[in-house]
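Worksheet: the structure to be examined is printed underneath.
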Amino acid sequence: MPELPEVETARRQLHEELVGQLIVKADALDLKMLVGGNTDEFSSRLEGRRIVGTDRHGKHLFLLLDHGTLRIHLGMNGSLHLFRCGEETRHQRLVLDLDHVRVIFDNPRRFGRFQVVENVMTFVSQKGLGPDALSIGEEEFLHRVGGRRKAIKAVLLDQKVVAGIGNLYADEVLFQERLAPVALASRIPKDRLIGTWSRMREVLGTAINAGTDFERFPDDYLLRQRDRGGPCPRCGHELRSAKVGGRTTIYCPFCLSI
DNA sequence: GAGTATGTTATATG
DNA sequence: GCATATAACATACT
């Protein structure tokens with residue numbers, strides 16, 4: 001479930017529950033997912049540390065410690081769970097036992113990653129991530145997105161351009177802006193790019209406010225229909241599916257205005 | 001068995 | 001350097 005809104009929702013929950021607590025035990029159960037791969041070193045870097053805050057950049061979640069920072073990426077289907085009584089989950093890959101709660105990073109497909117990093121800024125710049133989708137300003141968005149000779153959807157998905165948009169929300173943003181996912185970014189008029197920037201903020205904000213529960217999204221949102229192959233929520237025509245930038249893309253050809 | 005999947009990265013090709 | 005396409009990663013589900 002993890003694109004920017006899901007990660008932000010998880011971050012808010014963790015922030016409420018975890019800040020101030022001490023990490024008593026840290027268990028990396030999957031070597032492939034632990035960047036660096038040294039379980040003992042990982043544990044010793046975490047155990048005895050206190051969680052002093054949380055942060056997020058794009059789809060990356062950070063637990064800020066009194067020394068160091070734990071980075072978590074949920075991959076394709078990762079999720080975080082809080083328990084009080086030492087429960088376990090089917091695909092647990094990382095277990096943190098704190099003073100009063102157990103945090104489990106569950107990830108069936110094991111595309112997720114976690115590691116201890118120095119701090120958020122250093123990680124983001126080393127990784128070459130673009131600005132966070134909710135922080136990027138209009139000017140910088142125009143500058144980074146416009147001019148790319150690539151499908152607008154592929155540009156939005158590129159974490160080095162803007163961080164946080166995934167396949168589902170890319171479709172939603174473009175649907176709301178009535179822009180063809182295959183439109184070359186470099187050929188999109190400036191006002192439509194500004195519209196895209198604005199829709200991006202709107203869609204992500206709406207998703208976060210709805211707790212990322214698609215059922216609670218506005219009626220004209222594509223995400224409510226996406227899985228069911230139903231009609232366009234705006235015009236009723238059949239939605240169409242295509243591959244753009246290698247990803248399944250759902251759009252309504254009748255609603256486009258370009 | 002085939003096809004698909006909310007992500008990222010490496011590799012090959014033009 | 002830029003852009004595109006593809007496979008790979010690992011697992012679950014239809």
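Only one residue in A:Val182, A:Val145 is touching a residue at least 40 places away in the same chain (Cβ under 8 Å), surrounded by fewer than 22 Cβ atoms within 10 Å (Cβ to Cβ), of a type outside the set (Gly, Ala, Ser) and within 16 Å of DNA strand C (Cβ to nearest atom), so which one is that?
Values: A:Val145 fails: surrounded by fewer than 22 Cβ atoms within 10 Å (Cβ to Cβ).
Of A:Val182, A:Val145, the one residue that is touching a residue at least 40 places away in the same chain (Cβ under 8 Å), surrounded by fewer than 22 Cβ atoms within 10 Å (Cβ to Cβ), of a type outside the set (Gly, Ala, Ser) and within 16 Å of DNA strand C (Cβ to nearest atom) is A:Val182.
Under 8 Å by Cβ, and 6 or more places apart or on different chains, what pairs join a residue from region A:230-249 that is farther than 23 Å from A:Glu215 by Cβ and in the same structural domain as A:Ala180 (by TED's automatic domain parsing) with one that is modelled with pLDDT under 90 and within 16 Å of DNA strand C (Cβ to nearest atom)?
none
Which residue pairs have Cβ atoms under 6 Å apart, sit 6 or more places apart or on different chains, and have a first residue in region A:76-101 that is over 12 Å from A:Leu18 (Cβ atoms) and a second that is of a type in the set (S, T, N, Q) and buried (at least 19 other Cβ atoms within 10 Å of the Cβ)?
A:Gly78/A:Asn107; A:His91/A:Asn107; A:Arg93/A:Asn107
Could you list all residues from region A:59-94 that are farther than 14 Å from A:Gly112 by Cα and in a loop (DSSP other than H, G, I, E, B)?
Of everything in region A:59-94, those that are farther than 14 Å from A:Gly112 by Cα and in a loop (DSSP other than H, G, I, E, B) turn out to be A:Asp66, A:His67, A:Gly68, A:Arg84, A:Cys85, A:Gly86, A:Glu87, A:Glu88, A:Thr89, A:Arg90.
A quick yes/no check of all residues on (1) within 16 Å of DNA strand B (Cβ to nearest atom); (2) closer than 30 Å to A:Gly36 by Cα; (3) out of contact with any helix residue (DSSP H, G or I) (no Cβ under 6 Å at 6 or more places or on another chain):
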residue: A:Val124; (1), (2), (3): yes, yes, yes
residue: A:Asp132; (1), (2), (3): yes, yes, yes
residue: A:Glu138; (1), (2), (3): no, no, no
residue: A:His143; (1), (2), (3): no, no, yes
residue: A:Asp158; (1), (2), (3): yes, yes, yes
residue: A:Ala180; (1), (2), (3): no, no, yes
residue: A:Trp197; (1), (2), (3): no, no, no
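Please specify each residue of region A:47-75 satisfying the condition of being touching a residue at least 40 places away in the same chain (Cβ under 8 Å) and farther than 30 Å from A:Tyr169 by Cα.
Within region A:47-75, A:Ile51, A:Leu65, A:Gly68 meet the criteria.
Quick one: is A:Gly128 over 28 Å from A:Cys255 (Cβ atoms) and within 15 Å of DNA strand C (Cβ to nearest atom)?
Values: over 28 Å from A:Cys255 (Cβ atoms): yes; within 15 Å of DNA strand C (Cβ to nearest atom): yes.
In short, yes.
Give the residues of region A:131-140 that are free of Cβ contacts under 8 Å to residues at least 60 places away in the same chain and under 18 Å from the mean Cα position of the chain (by Cα), sorted by residue number.
Within region A:131-140, A:Pro131, A:Ser135 qualify.
The values are calculated or read from the model by the stated rules, or taken from the named source; none is laboratory data. Just so it is clear, the model here is predicted, and its values are computed rather than measured. Neighbour counts are summed over all protein chains in view; Cβ atoms, including those assigned to glycine, are modelled from backbone coordinates with ideal geometry.
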